[in-house]
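Novice: Pasting in a structure now, in structure tokens, and then I'll have a few things to ask.
The values are calculated or read from the model by the stated rules, or taken from the named source; none is laboratory data. Keep in mind the model is a prediction, meaning the values are calculated, not measured. So basically every Cβ, Gly included, is an ideal-geometry build from the backbone, and we count neighbours across all protein chains shown.
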Amino acid sequence: MQVIIQPDAEAAACLAARLVARAIRAKPHLVLGLATGRTMERVYEELVRFHREEGLDFSHCHTFNLDEFVGLGPDDPHSFRRFMETRLFSKVNLDSRNIHFLNGLAQDLHAECEAYERQIRTCGGIDLQLLGIGVDGHIGFNEPLSALMSRTREKALTPATIRQYAPFFGSPRRVPKRGITMGVGTILESRTCLLLATGEEKAKVVARAVEGPMTAMISASALQLHPSCCVVVDEAAAAELVEKDYYRWIFQNEPEWAEFRQLGRRA
Ligand code: F6R
């Protein structure tokens, strides 16, 4: 695992977007795993800017989103599908046939999840999986005690996750109680993982995920097993990391990060 600490949320999101853009330029047929959430909004804005101003080409990419609420269809304003349409899909040149999404309205959710796993395999696996982290340590909707080898499946949401989404739905009672999500095992099979976390409310869980013991209580801690995982945080989310000086030293000195040192904010 590599940890990159950026001065603020803006710089962290821009760096994450640059890492995604570099992966697309290096492999135009990239299979890109995507996440929704507040943290990702700025990343998608920046990817749209790269598309418009620098011609970043999504036309050969495939995308797979991590999760969706059970009971919400693509046209529901609160669905993750709608989130992605508004922020990214409608603004770049992705081929709609290459956008893969779990359908929260599927009659048979088990079959829907199995089909999603098959689609990922058919596309050759996910090259780069973008991840956020919940305050309870979830990645996707892999709530505490999700099996570290779990596959795409239906999952009951925790009270913490329901509280997280309550402002968007107007009240906790309106938040769906279940989600469908790629499993921790599915995520770990991605060739590279890129986790972005910003803000002081993520500081404790970032420290537990990155430096704590690996545990099903913090699904993100399973990323410690991943051979190619990069965690990008701002100073606020890095506040409780013990080895901050080491992470900074690596970023400042390792040649692989040279092209990103002067960046972080808009060039
Ligand atoms: C959503 C997802 C979630 C979020 C996480 C952080 O697709 O995968 O795991 O990434 O809940 O959400 P924000 O960024 O809103 O704090």
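Novice: Here are ILE218, ILE250: which of them is in contact (Cβ under 8 Å) with a residue 60 or more places away in the chain, of a type in the set (Val, Ile, Thr) and more than 20 Å from LEU131 (Cα to Cα)? Let's see the steps before the verdict.
Specialist: Values: ILE218 fails: more than 20 Å from LEU131 (Cα to Cα).
Among ILE218, ILE250, only ILE250 is in contact (Cβ under 8 Å) with a residue 60 or more places away in the chain, of a type in the set (Val, Ile, Thr) and more than 20 Å from LEU131 (Cα to Cα).
Novice: Scan segment 90-104 and report the pairs whose first residue is in contact (Cβ under 8 Å) with a residue 60 or more places away in the chain and whose second residue is assigned to a helix (DSSP H, G or I) and not aliphatic (A, V, I, L, M), with Cβ atoms within less than 9 Å and a gap of 6+ or a chain change.
Specialist: What qualifies is LEU102/PHE80; LEU102/ARG81; LEU102/GLU112; LEU102/CYS113; LEU102/TYR116; GLY104/PHE80; GLY104/ARG81; GLY104/GLU112.
Novice: I want to confirm something. Restricting to segment 181-195 and keeping residues that are among the hydrophobic types (A, V, I, L, M, F, W, C) and within 16 Å of ASP67 (Cβ to Cβ), which single residue is farthest from the ligand (Cβ to nearest atom)?
Specialist: LEU188
Novice: Moving on to the next point. Just to verify a result, which residue in segment 112-143, among those that are surrounded by 14 or more Cβ atoms within 10 Å (Cβ to Cβ) and of a type in the set (Val, Ile, Thr), is farthest from the ligand (Cβ to nearest atom)?
Specialist: ILE120
Novice: Within segment 144-171, how many residues turn out to be part of a helix (DSSP H, G or I) and within 11 Å of the ligand (Cβ to nearest atom)?
Specialist: Kept after step one, since they are part of a helix (DSSP H, G or I), are these residues of segment 144-171: 159-169.
If we keep only those that are within 11 Å of the ligand (Cβ to nearest atom) too, we end up with 160-161, 164-165, 167-168.
Number of matching residues: 6.
Novice: Inspect all residues belonging to segment 45-56 and state whether any of them is touching a Lys or Arg at 6+ places or on another chain (Cβ under 8 Å), within 21 Å of ALA156 (Cα to Cα) and not polar (S, T, N, Q).
Specialist: no
Novice: Say we look at segment 207-234 and pick out the residues that are assigned to a helix (DSSP H, G or I) and of a type in the set (Gly, Ala, Ser); which of these is farthest from the chain's Cα centre (by Cα)? Please lay out each step first, then the result.
Specialist: First, pick out the residues of segment 207-234 that are assigned to a helix (DSSP H, G or I): 207-211, 219-225.
If we keep only those that are of a type in the set (Gly, Ala, Ser) as well, we get 207, 209, 219-222.
Working: ALA207: 18, ALA209: 15, SER219: 13, ALA220: 11, SER221: 14, ALA222: 14 Å.
Among those that are assigned to a helix (DSSP H, G or I) and of a type in the set (Gly, Ala, Ser), it is ALA207.
Novice: Ok, one more. Any idea which of HIS78, HIS29 is in contact with an Asp or Glu (Cβ under 9 Å, 6 or more places away or on another chain) and not hydrophobic (A, V, I, L, M, F, W, C)? Steps first, please.
Specialist: Details: HIS78 fails: in contact with an Asp or Glu (Cβ under 9 Å, 6 or more places away or on another chain).
Just a single option satisfies the conditions, and that option is HIS29.
Novice: What pairs come out if I take residues in segment 26-47 that are touching a residue at least 12 places away in the same chain (Cβ under 8 Å) and β-branched (Val, Ile, Thr) and pair them with residues that are near the ligand (Cβ under 10 Å from one of its atoms) and in a helix (DSSP H, G or I) whose C-beta lies under 6 Å away, six or more apart or interchain?
Specialist: Going by the 6 Å Cβ cut-off, the qualifying pairs are THR36/PHE80; THR36/PHE83.
Novice: Looking at PHE260, is it surrounded by 14 or more Cβ atoms within 10 Å (Cβ to Cβ), at pLDDT below 95 and assigned to a helix (DSSP H, G or I)?
Specialist: Yes; evaluated as a whole, the condition is true for this residue.
Novice: Another question, if that's okay. Any idea which residue in segment 172-205 is surrounded by the most Cβ atoms within 10 Å (Cβ to Cβ), counting only those that are in a helix (DSSP H, G or I) and basic (Lys, Arg)?
Specialist: LYS202
Novice: Further question on the same structure: THR63 versus (1) surrounded by 15 or more Cβ atoms within 10 Å (Cβ to Cβ); (2) touching a residue at least 40 places away in the same chain (Cβ under 8 Å): which is the lone unmet condition?
Specialist: Answer for THR63: the failing condition is (2).
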